[in-house]
Every structure is written in structure tokens, then in C-alpha cells.
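Scroll down for the structure; my scribbles are underneath it.
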Amino acid sequence: MKPRPDTRARVIQAAVDCILDEGFYRASSNRIAERAGVTWGVIQHHFGTREALLVEVFKTSTRELVATLNDATISGDTFRARLDSFADVIWSFYRQPKFLAYAQLTLNLAHDPHTADETRATMAALNAQIAGRLNELVDQVVGPDGVDIVPREALFEILRGLAIGLALADAFPGVRRRRSRQRDDPERAVLVAALAALVEGPGASRTTPPSTRASTSASR
């Protein structure tokens, strides 16, 4: 029987789900095939090896992030508004549950001594592309105000760190998701206000931010 056109996408999604639900090392070839409703032979036909499949999952996740970053528009007349806009970009990718699967995949591929050199080169090239676009967005956040107290490179790391931390907290067994809309995380509002206060002065933390949001057209 000829595989359906969506077989590749279904296998990639099955790999993500398997890693997310069972962990990287339990996401065996057979388990992924079972979740995708295909045989391992079908996966071999489309991807070759398990590593080749996982590399394709990595590429897929990276393309999602690149699309999110490329489609993002930082808006706002103040540093706080622009920072909140940037936080929307970070939350749209790193705050999602599936990011935890991507993180496991990336860490294991990067640290596995058996990972092929070609795979490492692919990962490095994609990460460099992401870093370049992130720098452009951070420059838009800083704008004419300048950021001497909080280093430019720290803005992304601080926001991403909180987004990932909250995603991890929600993933613990028995933990009930605390809110229906992740962009309403109260921790995020506190962090944005605190960073704005450092840059703009204490008054910034008491000012309700305007409803400026980063526009992203990538599907999540």
C-alpha cells in the first residue's frame, strides 16, 4: 500500500509526542512507528535511520522558531511595551509543551558522542541563523533608550528562562495547568515590569502596558 502524502508529517509528530510522553531514550524506532500507525520499514523509507528522523524533527522545530522570529514585529513607544511585545515572541515558542520535546532532542543530539558530524554542522548552522534574528529583535526592543543596566544579550536569556521554567513546572506529574492562556502568566507580567523599572525607573513598574503585541503569523 502506498503511504499517504502526510506520512512524513505524521511520523515527525509521533516522534515529538513520544519524546514528550515517554522521554528521549524510550522514543525508540518501534514506539514512534506504533504511534504513527506505520511500520518501521515505512519510516526507513522516508528517513533512513532513527538519527535521521530525529534530525528532521530538530529541523522542523527550528523552522518553527525561525518562522516565529522572522514574522515577529516588535511594537511599542516605550521600552516596557517593546519588551512585552518581545515576550510574546518568546512565549509563542518556548512556553509551549512541545518545546520540552525539542529541548530533550537537542540536548541529546548535541551531547551524544555518536552523533554524526554532519548532524552537528546542521544544528550549528540553524542555531546561528536563530541567534542572528534574535539579535535583530533585541535591538528593536532596546530602541533609542539604550540598555546599560541590563545587557542586551541578557534580555532574551531572562525571558526565555522564565518561559521554559514555567513549561517545565506545568509538565510535572500531577500538576494542574494553572491557566488557560499561557500568555497571561502572572510571573511574566512581574518580570517585564521589573526589567522595565530597571531601565526606565520605578514608575515604569506601576504603569499599565499598552496593548501592543508582537505579530506572529507562524502557526503554533
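Every number here is computed from the coordinates shown, using simple stated rules; none is lab data. What you see is a predicted model; the values in this text were computed from it and never measured. A quick note on method: Cβ atoms are made from the backbone with ideal geometry, for glycine too, and the neighbour counts reach across all protein chains shown.
Taken along its three principal axes, the alpha carbon spread of the range 1-115 comes to 57, 33, 22 Å, from the longest extent down to the shortest. Only the Cβ atoms of Lys and Arg (+1) and of Asp and Glu (-1) were treated as charged; on that basis the dipole of the range 50-206 about its Cα centre amounts to roughly 680 debye.
For the listed peptides 82-88, 111-117, 44-50, 194-200, a ranking on the average number of other beta carbons within 10 Å per residue, highest first, reads 82-88, 194-200, 44-50, 111-117. Pairs of alpha carbons in the range 1-48 separated by more than 18 Å make up 20% of all such pairs.
Between the beta carbons of ALA154 and ALA189, assuming R0 = 22 Å, the FRET efficiency works out to 0.70 to the nearest 0.05.
In whole percent, what relative contact order does the range 50-206 give with Cα contacts below 8 Å and a gap of six or more residues? Show your work: numbers first, answer last.
Values: 117 pairs, mean separation 48.7, N = 157.
Across the range 50-206, relative contact order equals 31 percent.
Give the separation of the Cα centroids, the range 73-128 to the range 8-71, in Å. Centre-to-centre (Cα) distance: 17 Å. Here the dipole of the range 1-48 is about 200 debye; that uses its Cα centre as origin and unit charges on the Cβ of Lys and Arg (positive) and Asp and Glu (negative).
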